[in-house]
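Asks: Attaching a single structure in structure tokens format; questions to follow.
The values are calculated or read from the model by the stated rules, or taken from the named source; none is laboratory data. Note that the structure is a prediction, hence the values are computed from the model and not measured. Using ideal geometry, Cβ is built from the backbone for each residue, glycine included, and neighbour counts are taken over all protein chains shown.
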């Protein structure tokens, strides 16, 4: 199946799911966290806390997953059946769940057809259609090492489409991979996510091509993060959030040079290193200071610049 056909099939499935209301149930999910790891085989890790709100004991509950899955690990006994492209998982409790009782279930599985390829671009499309109320929902997507969000769509895809829909609540890096996270306090309607990404290639300008971000300075990692991202994103580095709103490429170059120097450099050294004029250096530094990415302090007749957020 081509990438276009796959996207059309996903869109049709989403329209069907949107028309389906949440069914009445005597239980709710008070936590539902999902992590999708797109590295080698695509795996999905789920942690679900279920609560019985009714008078009748609950012995099991069902998960319907679009696509073919292979369960790797599950904290409870289960029954897996597959029919017409849907994997039905019945989770069995070791003892009935009584009124107001809670149970945590962890299930990890390999999932096929979650990522499609169009030329050198990859499209991850996933959807969560709640059949019972879901509280404290979170989705984390881990891109493969060396991959970043696309800066332009392939001609075979819809022109002008954003590489990430919807905008993630958090976009950050662990220094090797790009991670995107969405969080919802309450999930009532189907929630779909699309991420379009590709391998990042860097050229030294001397005919030497490096693949990915492994071994590169953090400046390149920041650049890979921001490729294709529009106004409104906030990028977090580890647990700290840094505002990279509309950060210029020259600003990334300043960050890279400070990082190369061990996180500490004199401002007077930057014109020679970067080739930028002194007025331009001053403007870029003022912008980075305002964003709280770097700090500067007077040192003799110049300034000492330091990264405020370091890996």
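Asks: For segment 147-166, name all the residues that are part of a loop (DSSP other than H, G, I, E, B) and modelled with pLDDT of 85 or more.
Replies: 166 - this is the single residue of segment 147-166 that is part of a loop (DSSP other than H, G, I, E, B) and modelled with pLDDT of 85 or more.
Asks: Check residue 100 against each of (1) farther than 22 Å from residue 124 by Cβ; (2) at pLDDT below 95; (3) assigned to a strand (DSSP E or B) and name the one condition it does not meet.
Replies: Against the list (1) farther than 22 Å from residue 124 by Cβ; (2) at pLDDT below 95; (3) assigned to a strand (DSSP E or B), residue 100 comes up short only on (3).
Asks: Tally time: how many residues in segment 109-132 are part of a strand (DSSP E or B) and over 22 Å from residue 70 (Cα atoms)?
Replies: 2
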